[in-house]
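Some notes on the structure that comes next.
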Amino acid sequence: MMDTILDLLWIVVKIAAILLPVFTAVAYTTYAERKLIGYTQLRVGPNRVGWRGWLQPIADAVKLVMKEIIIPTGSNKILFLVGPMLFIAPSLVAWSVIPFDQGLVLADINIGLMFLLAMTSIGVYGVIIAGWASNSKYAFMGALRSASQIVSYEIAMGFALVGVLLVSHSLNLTEIVEGQSGSFLTWNWLPLFPLMLIYWISAVAETNRAPFDVAEGESEIVAGFHVEYAGMTFAVFFLAEYANMILLAVLTSLMFFGGWLSPLQGIPYLETVGEMVPGIVWLLIKASFFVFVYLWFRATFPRYRYDQIMRLGWKIFIPVTIVWLLVVAFASKMQLAPWFN
Amino acid sequence: MRFIRDFINTFFLLELVRGLQLTWRHMWMKKITIQYPEEKTPMSPRFRGLHALRRYENGEERCIACKLCEAVCPALAITIEAGPRAEDGQRRTTKYEIDLFKCIFCGFCEESCPVDSIVETRIFDYHFEKRGENIMTKGKLLAIGDRYEEQIAEDLKAQSAYR
């Protein structure tokens, strides 16, 4: 009995150790986003709260917590409040199977990849429920758009991950990363280059980020599925979106860029230098690069039209992934070194 | 041919990469933001901001209640009532009010004034906290004029050649 309680407590401590940095990262991703978009537009971004605006996310959080949660008349009150929770829960649960370093993982399960696919798919229920329960046509339109987009890109994303499976013969994330070790040329990005690009673009579409943010579409449907949300409920949506972004950035680094493996591996002399840096630092560097690319996309690209998004997902990504899967399968059968042995 | 070129440009994401290069370059360019309350943009001497009523150097108010400004005002923002002054019986305004909610800051009042009494200053950042504060009374206008007389005189001098 005592042991079970201690085990549970220990798990809670581990969860806190993962989630607190995630929340901090989310807060500062919003800050980085505003700064970066400002910079590309020749502005300086937030720089008033604290030194160079470093306290801006905290001020934002305080503001959102203090604000009233408005529940619209005619909305389904229970579903209205359940929606944001259903959206954020999967994006946080998914962190449990992420290996941050050799053995540094909360749940080292053998179907980690399946679990991740399942969790990132469940998030869309939160969006649909939120859009429906709001009793607003804009929210409903946004929810529909978001749902169809996530469903469409899930397929291309899944196919891209099948490529990873073919290379690593495992659904366990730790094994997927270990299978890539050697040098940065043996990482999955090289044999799976088109799949990597498709996975990454689908990841941008999955998180409803620019240029695939028709679900928000402030010019036509105000803010999409979360128009009616205010205060903390809105903050939850916001948090979940950014947590998802960071999650997919980490996943891309794990699946295609060798996770915690050092990029200096396999290079004489430099190899020892790379080994002195803890693996988690390499993972964080890789993940923050992808988060940066998310923001960079947002600062660069205009929003896709809805039919263009569907065309890209169904008519381009799915055929390309299937063709490249054939190539990968062939290379795998031929035991093409150094990736497929 | 064009079809093939377009296909290559889009399929291999070349167009998108070019866009990313552009924003990348902009990220490192010099920022043009002006930190407003500390830094301000240069302002023309003809700037048409908040109004003021001026006085002569001996302290006598310039306005002679000719009502030209009231007549020229396209937004009907100016209200003037005139009468003999109690002390010496001179014709002066007993009421001179500008409704800032109506005013469109066209500067016609300033141009029509024969004695350079009503002017528009460089003040553009002000606020109201209560209803009714948008009406600039004679007292308030004169106070602004007294406070910024130096700047107003300098600006009028700068543009006098073009009037």
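Some observations on this one:
- Selection from A:281, A:313, A:159, by position along the positive dipole direction of the protein assembly as shown (Cβ): A:313
- Put a dot 7 Å past the Cα of residue A:333, heading toward its Cβ, do the same for residue A:307, and the two dots end up 4.0 nm apart.
- GNM top mover of A:307, A:108, A:60 - chain A, alpha-carbon springs below 10 Å: A:307
- Straightening the chain between residue A:54 and residue A:107 buys 15.7 nm, computed as 0.36 nm per residue apart minus the Cα-Cα spacing.
- Bridgeable aspartates and glutamates around residue B:30 (alpha carbons under 17 Å apart, same-chain partners fewer than 8 residues away excluded): B:39.
- Once the Kirkwood radius over Cα pairs is known for the protein assembly as shown, the Stokes-Einstein relation at 10 °C and 1.306 mPa s delivers a diffusion coefficient of 57 µm²/s.
- Per-pair calculated FRET efficiency, R0 = 35 Å: residue A:16 and residue B:29 via Cβ, rounded to 0.05: 0.25
- Percentage relative contact order, chain A, counting C-alpha pairs under 8 Å, at least six apart: 22 percent
- The fewest-to-most ranking of B:43, A:85, A:141, A:255 by surrounding Cβ atoms within 10 Å reads B:43, A:85, A:141, A:255.
- Cα centroid of the stretch A:149-174 to Cα centroid of the stretch A:74-126, whole Å: 17 Å
- Pairs beyond 30 Å (Cα-Cα), from A:67/B:130; A:77/A:286; B:40/B:102; B:31/B:140; B:67/B:157: A:77/A:286; B:31/B:140
- Using alpha-carbon coordinates, inclination of helix A:279-300 to the longest axis of chain A, degrees: 50 degrees
- Cα gyration tensor shape of the stretch B:1-135, rounded if a/c is under 1.5, else prolate or oblate by comparing a/b with b/c: prolate
- Within the stretch A:265-316, chymotrypsin sites (Phe, Trp or Tyr not before Pro) in DSSP loop having at most 12 other beta-carbon neighbours inside 10 Å: A:269
- When peptides A:317-324, A:50-57, A:192-199 are sorted by average Cβ neighbour count within 10 Å, with the highest value leading, the order is A:192-199, A:317-324, A:50-57.
- Residue of B:22, B:68, B:53 that the Gaussian network model of chain B assigns the largest fluctuation, springs spanning Cα pairs under 10 Å: B:22
- The charge dipole of the stretch A:8-121, taken about its Cα centre with unit charges on the Cβ atoms of Lys, Arg (+1), Asp and Glu (-1) only, comes to about 520 debye.
- As a proxy for reagent exposure, ranking A:48, B:131 by other Cβ atoms within 10 Å from fewest up yields B:131, A:48.
- Scalar couplings 3J(HN,Hα) for the stretch A:202-217, obtained by applying the Karplus form with A = 6.51, B = -1.76, C = 1.60 to θ = phi - 60°, are 5, 4, 5, 5, 4, 8, 6, 9, 4, x, 9, 9, 5, 5, 8, x Hz; x denotes Gly and Pro.
Taken together, the values in this text are just the output of simple stated rules run on the coordinates, not laboratory data. Being a predicted model, the structure only gives us computed values, none of them experimental. Cβ sites come from the backbone with ideal geometry, for glycine too, and all protein chains shown count toward neighbours.
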